[in-house]
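Here is the structure we will look at.
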Amino acid sequence: MIHRHRLEVLRQPDRRQPEGSAPAAQGDSAADLALRLPEPHRLYALALLCRLQDALDAGPLDAHTTYLIRQAHAEYLPATLRAYLNLTAAARARLNERGQSAEALLREQLELINAGVAGALGQHHASADRLLTQGHFLGERFETVGARVRA
């Protein structure tokens, strides 16, 4: 329920795709794929999808961060969800033979995407750079005014 409104926005057919991404096939968007997951993976994937969309909508990011967020949104997350959802019974049995469960692998991969996004957003220095630049500008502007006042 937490992400219900955001999910409705993400599923709108007229919603623009991020630049440089191919449109998803009908019923094959990341949101549609996430809805087919079992809990708690469904909630995790939907929260991650909302985080990606919020990052894209938030404003200007540096080029590297923008690229990573767009790729995670348009490619990495949907591909991960598709790979899990397309597992056959034989593929699940093979994973179990190797001591791995499909659910554990899905959780691990979702966590990797989430950690990568968090890292990229944490490394985003553009807003800090803008604040520092503004501080330098103001310092230069008001330093000359202060020098005139003192003289």
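Bear in mind these aren't lab numbers, they're just calculated from the coordinates by the rules spelled out. Treat the numbers as computed from the prediction; the structure is a model and nothing was measured. Methodologically, a virtual Cβ is constructed for each residue, glycine included, from the backbone with ideal geometry; neighbour enumeration extends over all protein chains shown.
Computed over segment 92-142, the Cα gyration tensor eigenvalues convert (square root of 5λ each) into semi-axes of 49, 5, 4 Å, ordered from largest to smallest. Distance between the pseudo-spin-label points of GLU143 and ARG82 (7 Å out from Cα toward the beta carbon): 5.5 nm.
Calculated FRET efficiency, ASP28 to HIS64, Cβ-Cβ distance, R0 = 22 Å: about 0.20 to the nearest 0.05.
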